[in-house]
Structures are given as structure tokens and as C-alpha cells.
Amino acid sequence: MAGSLKQGTTTACVTSGGSISNGAALIANAVANLVNSTNLDRTVTARLVAAAGTTPAQGTTVALYLVPVSDGSTGGGVDTATPFFNPSYLAGYFVWPPASSATSQKMDIDGIPLSALDYIPYLVNNLGQTLSSGWTLTFYGTN
């Protein structure tokens, strides 16, 4: 069928991230940026696999920002100290789902639209506690 979607490129941006304090922002490209100038995926699903020392409250979030590399070499300005990002960079929120005693989760943001640009991913931890080291961030493309 013409125009149907198929699995695109998988991009691992972080395979073992360091801890992120509550309210802090961190660049999430230890392995790679999201390189959609060659992937050419229409959309992606972002997956964060993360843990915390104790169970975060259900519904707390980790925000994902994708900063475009429009000129092919540098991304737009961000302030990770505040943290403040251009609101148009917000790709979505990873939401802590269970009201259980689980301290680690796989969280997805599905259907993130992309341009044919590269992106620098950033995370902002709003879980109410530190995100433990060892987290991963992977993008699964659809084209």
C-alpha cells in the first residue's frame, strides 16, 4: 500500500546516563544526537528507561526537549542552569505510570513529529526526587 508507515531508524542517545537531580536539566546525547538529517523519519517514539531510589508519585514527569540543529553544527540556545528552554522545543513528557512500589520504569512518548534536521535531546527531571544513574534514552523512528 502506497504511503504506509514502516519501522525507521533506531537511535540510542544515552546508554547509561548519570543521575539527574530533581528540577535539573541535562543534555542527553552521550552516545549521539537524534540525527534525522540522514534518518529521515517522519515521527519517532522516545523511550526512557529510568529508576529512582524510591517510587516516584504516579503522574510525575521527565520532560523531553529536542533542540534543532538548524545550521548543521549547533543547536538553539538553552539554559540548563535555570532550566529554561524555548517552549517550541518541548517534545513531550515521560510520565511515571504505576501507583505501585516499582522503582524503575520504561516510559514512552509516541508520535513525535520531526523535520529533516538533527536534534540535541535534553531531559528535565520533575519526578520529585533524583533520577538514578544508568538510565537510557532511545528513539525508534517511523518512516
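The values are calculated or read from the model by the stated rules, or taken from the named source; none is laboratory data. Keep in mind the model is a prediction, meaning the values are calculated, not measured. Cβ coordinates were reconstructed from backbone atoms using ideal geometry, including for glycine residues, and neighbour counts include every protein chain displayed.
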How many residues does the stretch 68-97 hold that are of a type in the set (Val, Ile, Thr), touching a helix residue (DSSP H, G or I) at 6+ places or on another chain (Cβ under 9 Å) and more than 22 Å from Ser19 (Cβ to Cβ)? 1
Index of the failed condition, Asn33 passing every other in (1) of a type outside the set (A, V, I, L, M); (2) within 13 Å of the chain's Cα centre (by Cα); (3) closer than 25 Å to Thr103 by Cα: (3)
Filter result for the condition that a residue is over 23 Å from Gly128 (Cα atoms) and touching a Leu at 6+ places or on another chain (Cβ under 9 Å), over Val62, Val49, Val69, Val14: Val69
Number of positions in the stretch 56-81 that are of a type outside the set (A, V, I, L, M, F, W, C), under 15 Å from Asn125 (Cβ atoms) and surrounded by fewer than 17 Cβ atoms within 10 Å (Cβ to Cβ): 2
Take the residues in the stretch 1-34 that are at pLDDT below 95 and touching a strand residue (DSSP E or B) at 6+ places or on another chain (Cβ under 6 Å); name whichever of them is surrounded by the fewest Cβ atoms within 10 Å (Cβ to Cβ). Leu5
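Could you please find all residues in the stretch 106-138 being of a type in the set (Val, Ile, Thr) and not in a loop (DSSP other than H, G, I, E, B)?
Within the stretch 106-138, Ile109, Ile112, Ile120, Val124, Thr136, Thr138 meet the criteria.
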